[in-house]
1. In the range 536-573, what residues are crowded, with 17+ Cβ neighbours inside 10 Å, of a type in the set (V, I, T) and over 30 Å from A445 (Cα atoms)?
2. If we keep just the residues of the range 232-248 that are of a type in the set (A, V, I, L, M, F, W, C) and buried (at least 18 other Cβ atoms within 10 Å of the Cβ), which is farthest from L290 (Cα to Cα)?
3. If we keep just the residues of the range 275-286 that are open to solvent by less than 20 Å² (accessible area, probe 1.4 Å) and within 40 Å of the chain's Cα centre (by Cα), which is nearest to T248 (Cα to Cα)?
4. In the range 359-391, which residues are out of contact with any Ser or Thr (no Cβ under 8 Å at 6 or more places or on another chain) and open to solvent by 50 Å² or more (accessible area, probe 1.4 Å)?
5. Regarding the range 498-511, can at least one residue be identified that is within 25 Å of G370 (Cα to Cα), modelled with pLDDT of 80 or more and open to solvent by less than 10 Å² (accessible area, probe 1.4 Å)?
6. Have a look at R289, R267 and point out the one that is surrounded by fewer than 20 Cβ atoms within 10 Å (Cβ to Cβ) and not in a helix (DSSP H, G or I).
7. Keeping to the range 329-350, report how many residues are within 22 Å of F102 (Cβ to Cβ) and either of a type in the set (A, V, I, L, M, F, W, C) or in a strand (DSSP E or B) (or both).
8. Among the residues of the range 146-162 satisfying the criterion of being modelled with pLDDT under 85 and either under 17 Å from I287 (Cα atoms) or among the small types (G, A, S) (or both), which is surrounded by the fewest Cβ atoms within 10 Å (Cβ to Cβ)?
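The values are calculated or read from the model by the stated rules, or taken from the named source; none is laboratory data. Just so it is clear, the model here is predicted, and its values are computed rather than measured. Please note: Cβ atoms are built from the backbone with ideal geometry, for glycine as well, and neighbour counts cover all protein chains shown. Heavy atoms of the whole protein, side chains included, go into the accessibility calculation; ligands, DNA and RNA do not. Shrake-Rupley method; radii C 1.70, N 1.55, O 1.52, S 1.80 Å.
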Amino acid sequence: MIRRLLPYYKPYKGLLLLDLFFALLLAGFDLFYPVITGHIIDDYVPGGNLRMILFWLAVLIPLYLGKAVSKYVVNYYGHMLGVRIQADMRQKVFRKLQDLPFSYFDNNKTGVIMSRIVHDLQELSELCHHGPEEVFLTAVTLGGAFFILARANLALTCIIFACIPVIALVAIKKKKAMNTAFAKARKEIANVNADLESSISGIRVSRAFTSEEHEAQRFYESNDRFREAEEDSYRAMGGYYSLTHFTTDILYWVGLGSTALFALYGRITIGELTTYLLYINLFVGAIRRLSDFAEMYERGMTGFARYLEIMDAEKEKEHPGAVPMPAARGAVRLEDVSFTYEDGEAVLSHISLDIRPGQKVAVVGPSGSGKTTMCHLLPRFYDVTQGCILIDGVDITTVTLESLRQNIGIVQQDVYLFNGTFRENIAYGDFSATDEEIEEAARRANIHDYIVSQPQGYDTQVGERGVKLSGGQKQRISIARVFLKNPPILILDEATSALDNVTELLIQQALDQLCTGRTTLVVAHRLSTVKGADKIVVLTGRGIEEEGTHQELLDRDGIYAGLYRSQFLVDRA
């Protein structure tokens with residue numbers, strides 16, 4: 001994974017080199033101090049050389065100031081490096097999410113995806129900053145110390161440095177257990193986020209059904225699983241730290257004992273003994289920095305692995321030779337179309353249907369017969385598992401997804417509004433539209449008068465998911481979007497089924513105007529809304545059972561006639 005992480009540093013090579021340069025200066029300051037201390041003890045104090053003592057004391061002050069400046073640069077610009085890499089990754093993963101098929105979102109919770117983008121990348125940001133810096137500092141510190149000490153006494157230096165590979169092996173062994181524990185904790189916090197996002201989004205439902213205790217219990221259970229995973233990770237981390245600190249204490253013990261013996265037998269001077277002890281303290285600090293880095297590495301790389309799971313997910317499939325689709329006339333044909341979801345659930349079987357340009361075709365039938373799925377196949381939210389769909393005689397898999405969807409407008413029962421203004425939400429139909437075009441689309445959707453009555457007019461916030469609006473108002477905004485988009489093909493998926501009769505009438509007027517001159521596929525539950533369709537298709541689990549106009553189907557006295565009579569009796573009651 002390291003090879004995949006390195007390219008993210010490329011745009012910020014200057015910042016990385018700046019960070020490493022000042023990290024080098026920090027290591028140099030740390031290596032310089034014990035040498036000066038040894039000279040003062042061995043040479044200047046016994047020789048009564050006050051001038052040199054004062055000289056080096058004076059030199060140390062600007063060195064300490066330089067060390068402080070270096071520390072500031074490493075901390076500030078190093079973190080800036082990490083934050084910028086994190087921002088780049090977040091942009092890349094968000095863009096990747098836009099290219100993933102609907103099946104990915106069917107199989108992954110929103111809260112889990114959010115956790116990967118926010119929490120995991122925050123951990124990775126710290127690694128991107130501290131990783132190169134800590135490894136570089138430790139390498140320079142240990143390498144420089146070995147070079148300096150070996151000149152004083154090679155044998156003693158080798159004795160002390162022999163402990164370092166042992167410490168490294170212990171750290172590597174314990175690191176594996178820590179990696180497993182951190183991976184489990186990341187998975188559980190993602191589930192906590194998913195449950196939290198679900199509970200907050202559905203808080204009106206839980207209040208309406210007085211199910212607050214049920215939601216609280218669900219959250220407690222996921223939170224307990226996360227707590228247990230965190231405890232396991234901290235248990236592994238505690239074992240890692242206790243063992244590495246013990247081994248570094250042994251290093252200090254070996255260093256203290258060996259330098260004392262070498263000094264006792266006259267192999268090194270008292271100044272050199274002090275220098276060795278100061279360097280051993282430096283080693284211990286460097287090794288403990290590496291211990292901290294190991295924890296950070298496991299957290300960061302665990303997050304990076306979860307990030308890569310999204311980046312490596314397969315995009316929506318587009319034909320290698322796909323070409324842009326021109327403005328469609330609107331002839332739609334389904335040829336022997338079947339569809340099965342990834343879990344093996346077969347929804348559509350051998351469906352064939354012809355829709356002429358400008359024709360309005362309604363699809364009715366019982367729940368679960370595949371009406372909405374058929375609507376999702378046309379813009380290729382899902383791909384057919386058998387057969388093909390043609391627009392103007394062209395297989396839709398041979399044209400680019402973007403151009404295909406530009407030719408199709410969709411109005412659904414469940415309208416999604418983004419957390420923004422009326423203007424921004426309507427502009428989703430065409431971001432290049434002028435204010436005048438946006439307002440004209442709102443007029444045609446019968447929502448303009450309501451918008452201008454609001455305190456900030458078109459710049460009024462609609463609230464998260466349009467929470468401040470009624471169902472009819474949200475529906476009219478979605479219709480305004482499609483007026484603005486002005487596509488030749490229109491899909492109305494249960495667009496009025498959740499509305500009261502008065503609101504439905506107002507919206508139906510807007511929809512009738514929207515359908516004029518467009519090829520329209522209507523999925524409807526209320527059969528009274530599709531009586532004027534050019535053709536009505538009755539879809540069941542067995543496929544298309546009936547096809548004809550409203551009157552033809554009534555005269556046939558089949559499935560449609562039965563559905564219509566039962567709804568008529570309910571409506572009259």
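1. Passing the criteria: I544, I559.
2. Only one residue tops the list, namely A236.
3. Across the range 275-286, the extreme among qualifying residues is V284.
4. Within the range 359-391, S367, G368, T372 qualify.
5. No: zero hits.
6. Exactly one of R289, R267 is surrounded by fewer than 20 Cβ atoms within 10 Å (Cβ to Cβ) and not in a helix (DSSP H, G or I), namely R267.
7. Adding up the residues that qualify gives 10.
8. Selected residue: A162.
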